[in-house]
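Inspection log for the structure reproduced underneath, given as structure tokens.
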Amino acid sequence: MPLMLELEYAEAAGDTKNKELIAVLRADGQFELDWQATDEKLDQSRLAMQRKLYQQYRDNTEKTLFALGFVAQTQSLSESLSYIVRIASAFIKRLAANPDIEWLREQTLIDLEEQEREALLLHAPFLIGSNHLDGQWIEQLWAKLQRAFSQEIAAYEGSVQQLLTSMNPRIHLAGRVFFHLVESKKEAEYPFSFLATYAAQTAKEVKSKHLPLLNALVEYGENSGKLLELLATVNKASEQSEFISELVESGDIFHPIGLTAEEAYIFLKEIKLYEESGIVCRIPKWWRSKSDSLKISVSVGEKPPSLLGFDQLVDFDAELLLGGDALSIEELKAMLAEAEGLTFIKGKWVEVNHDKLGEVLKAYEQVQALTNHSGMSIVEALRFRLNTDKLLDVPEDVCELEVSNGEWLESMLSRLTRPDTIERVATGDNFHASLRVYQERGLSWLYLMKSLGLGACLADDMGLGKTVQIIALLNYIRANKQEKTLLVVPASLIGNWMSEIAKFAPSLKAYVLHPSENKLSEELGSRCLEEHDLFITTYGMLLKYDWLRDMTWHNLILDEAQAIKNPGTKQTKVVKQIKAGCKIAMTGTPIENRLSDLWSLFDFLNKGLLGTAKEFTEFTKKLKEKPDGYARLKQTVSPFILRRLKTDKTVISDLPDKIEMKTYASLNKKQIVLYNKLVKELTEKLEAADEGIERKGLVLASLMKLKQICNHPDQYLGQSGFAEEESGKFDRLREICGTICEKRERVLVFTQFKEMTGAISAFLEQVFQHKGLVLHGETAVSKRKELVARFQGEDYIPFMVLSIKAGGVGLNLTNANHVIHFDRWWNPAVENQATDRAFRIGQLKNVIVHKFITRGTIEEKIDQLIEEKTKLSNEIVPDIQENWITELDNEQLMNLFKLSV
């Protein structure tokens, strides 16, 4: 039986409560249905519908896709799922309009027209996996719909009409009768011609051919039941249309006839009635096409403003167009003076409808009133394009309002969306890194945005080097100007930034405004302000120190800018109070996954661009009914967002297949106390210990305990709580895996401690809102194949936590493209073997390897030793692993073990 998508009350499963069903696009032209947490309160009927739909999808993906085409109301569906419904509905609509469908059944082929494909692409919402969305993806999904219909109807004993009606009673197949209306330029009295045809089927032809309706009288005979069946749609239309009724009674319905402009106007206005009766209408393009109708065209920014900046005024002009030709206000008023109907003007037929033309005139006068001002700011101009229906109250069926950028504004926005066209900016003196091509373009783009006074969002994929691009920008500024920059980061990232600055731009003078690095007072000394270029603080510190908000900074940069995604939090409000000439946001999280996040980000970057929160909410509510708004929204925000993906052709050739990075974490207070206490105890015990086995055992045991403290205090103390706030590594794990989750990617997390695998897995379940897998030394050999198969399968299993000894060899886990070494083995050969579970033959993506290092601890110091050895020899550390540490003398040991923060 066909699937039925019904709204019915049922108890939703506990694990899907407060979650909405979303569609995730895949690279192979397929999609997945999955659950995503939502702040929206979902009623029981909606939860039940989602749960039922998900179960149907799990049972048969193609059948579910076909069923989605019959969903009439999408209000209770997520935006992403509504988009799949839109594609499926377009297929069903075309299917129902095919006159040969009962004849061809499973052999029916519905071609995807280019215009339809482009419209589906243009009006796509923001989706997870949107980087896969192109013409080929749409065609693959269309082909899947085609297969699903063929399978359904081949197995169905009834007619196609019965099948479609069982799916949705409001679906009706088009009949075999066609009405044609064409212009007849030779005949002045009858400027239009009408002809009724029917689709005639023959055994030899796969497709039917069109014949005049008169031929049906000959083929079937006047009193034939087949003729009555054929004319059923015409009779249905004649019951509601006096015009068609007269054609039937006079017999003119069977012959080609000429129509006056008045008669043609009656016909055109009744087209909806004919189509609802099952008649296919072929009419002149200008009646349905907005491009050939009357429109108001507005151009903004034809000439450059006198000054650059987001608040500078640009010119604003408007005109009336008829099919691309200018129409004067006098000509419009002359049309209003004519009788209603069709009139021929400027070589085109135009509808004269007094009510509609009056609305057009009113709207045009509104626009003219706007042009009487000296101009509008760039933000007003871009908002005008985004929300024209808000600024001008013009019903869609009355007149199209076309807003376009003038030559200067279009040129400027084009440069911003094409970084390869921007003049190259140097990295500045004493910069110790060679930027990749796409990073050089990122630097140039950032500087251009700063020069224009525009807020910029650097949203490159994780692993593409956002940090180094920002440091290059700050280094270039330092070399040319004296500017003060405030960088706001999560506390766990301070170490990463300080390490990267010291590595790439040591001349850049940075000062950390955080008690973990410096003692702070309410006011920072003027000397400190003079001596430093960059001030690094955290989101938490902004809440504590008013003077940070009292200053006007040259540059304000937010790292992990998703921290301000919730506009209602105190943290977000405080960030938005900071005054700065240039604002930059950094995020590796796809900001398009939630539109509310997008508004909050742009409220920081370029306030007013997306209107107020209330205005933007009203705009987004209309998007399901008016999906063309998605295209306008993308056009509005895209110049201010630079997002390169690891799959971009311009990027992928510039990247290594494996990107290795050190990820620094900081100890929290509890970890610091435990760490220092253990080092003190070790100092005392070393003095009393005998040389030999006792000393080696003491050193190795202490080394293991220090590693445990760096992981989490509860591991060292043998407790089971593992609270996130008590471990710097857990903070970093959330930040990295949060981004992986947003991108629907997968990660392998390695640890040398079996007891950590469960704690990490439980924590990651909260981050991903999905269950993962665990593999360690006690995992049965027979179960390991099952775990690998599940991870490599189609179901989204976002993570696997493995002990490095048990999972470091012999496994093929190429579905993951991230590897995290939660604690270090300090034997590169062992770590590389573990990394190669993902980085091996069959891996189609770049693999990013994150090596966790806790700042100031033994982890950082041994990492530095390894790096120094690497420069001298390929043999980094002997295979005896950590035993080499026991050969150090007491002073060397304590220098290695003691905390340096």
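What follows draws every value from the coordinates through simple rules; no lab data is involved. Predicted model, so just to flag it, every value in this text is computed and none were measured. Cβ sites come from the backbone with ideal geometry, for glycine too, and all protein chains shown count toward neighbours.
Some notes on this structure:
- Compactness index (Cα Rg / 2.2 N^0.38 Å), the range 88-235: 1.30
- Cβ-Cβ FRET estimate between residue 528 and residue 26, R0 fixed at 41 Å, reported to 0.05: 0.20
- Panel note: the C-alpha atoms of the range 418-652, placed on their principal axes, show extents of 58, 40, 29 Å (largest first).
- Short-range pairs are left out: with C-alpha atoms under 8 Å and at least six residues apart, the relative contact order of the range 659-897 is 24 percent.
- Separation of the range 343-363 and the range 440-468, taken as the distance between their Cα centroids, equals 48 angstrom.
- Loop trypsin sites (Lys or Arg not before Pro), the range 609-695 (other Cβ atoms within 10 Å of the site Cβ: 14 or fewer; DSSP): 622
- Förster radius 25 Å - calculated FRET efficiency between residue 579 and residue 617, Cβ distance, rounded to 0.05: 0.40
- Within the range 707-726, backbone nitrogen closer than 20 Å to the virtual label 7 Å beyond the Cα of residue 762 toward Cβ: 708-726
- A quarter of the convex hull surface defined by the alpha-carbon atoms of the chain gives 46.0 nm² as the mean projection.
- For the range 14-167, the percent of C-alpha pairs falling in each 5 Å distance bin, counted from 0 to the bin holding the largest distance, reads 1, 9, 18, 22, 19, 15, 10, 4, 1, 0.
- Given their separation in residues at 0.36 nm each and the Cα-Cα distance between them, residue 60 and residue 40 gain 4.3 nm when the chain is fully extended.
- A dipole drawn for the range 14-167 from +1 and -1 charges on Cβ atoms has a positive end, and of 161, 90, 108 the residue lying farthest that way is 161.
- Scoring 142-149, 478-485 by mean Cβ neighbours within 10 Å over their residues and listing the highest first yields 142-149, 478-485.
- A helix-only calculation puts the chain at -13000 deg cm²/dmol for mean residue ellipticity at 222 nm, using -39500 (n - 2.57) for each DSSP H run of at least four residues, averaged over all residues.
- Kyte-Doolittle at least -0.5, axis length at least 24 Å by Cα - qualifying DSSP helices, the chain: 79-96, 135-154, 354-371, 669-688, 693-711
- Put a dot 7 Å past the Cα of residue 119, heading toward its Cβ, do the same for residue 97, and the two dots end up 0.8 nm apart.
- With both labels modelled 7 Å from their Cα along Cα-to-Cβ, the residue 170 to residue 833 distance reads 6.4 nm.
- Cβ-Cβ FRET estimate between residue 209 and residue 840, R0 fixed at 60 Å, reported to 0.05: 0.55
- Pairs from the table (356/624; 52/269; 41/565; 207/236; 144/356) lying more than 31 angstrom apart at Cα are 52/269; 144/356.
- Shape of the range 659-897, Cα gyration tensor, a/c cut at 1.5: prolate
- Here the Karplus curve 6.51 cos²θ - 1.76 cosθ + 1.60, taken at θ = phi - 60°, turns the phi angles of the range 796-807 into couplings of 7, 10, x, 8, 9, 9, 10, 7, 5, 6, 7, x Hz, with x standing for Gly and Pro.
- Relative contact order [Cα under 8 Å, 6+ residues apart], the range 177-283, whole percent: 36
- Under the simplified labelling scheme, the residue 346-residue 689 pair shows an inter-label distance of 9.1 nm, with each label point 7 Å from Cα along Cα→Cβ.
- The relative contact order of the chain comes to 8 percent, based on Cα pairs under 8 Å that sit 6 or more residues apart.
- Exceedance of the 30 Å cut-off in Cα-Cα distance is limited, within the set 677/743; 626/743; 346/622; 573/646; 573/851, to 677/743; 346/622; 573/646; 573/851.
- Taking 0.36 nm per residue of sequence separation and removing the Cα-Cα distance, the residue 782/residue 217 pair yields an extension gain of 195.9 nm.
- Model label zone, residue 894; criterion: amide N under 16 Å from point 7 Å along Cα-to-beta-carbon; scope the range 670-693: 676-690
- Cα-centred dipole magnitude for the chain, charges only on beta-carbon of K, R (+1) and D, E (-1), debye, nearest 20: 2540
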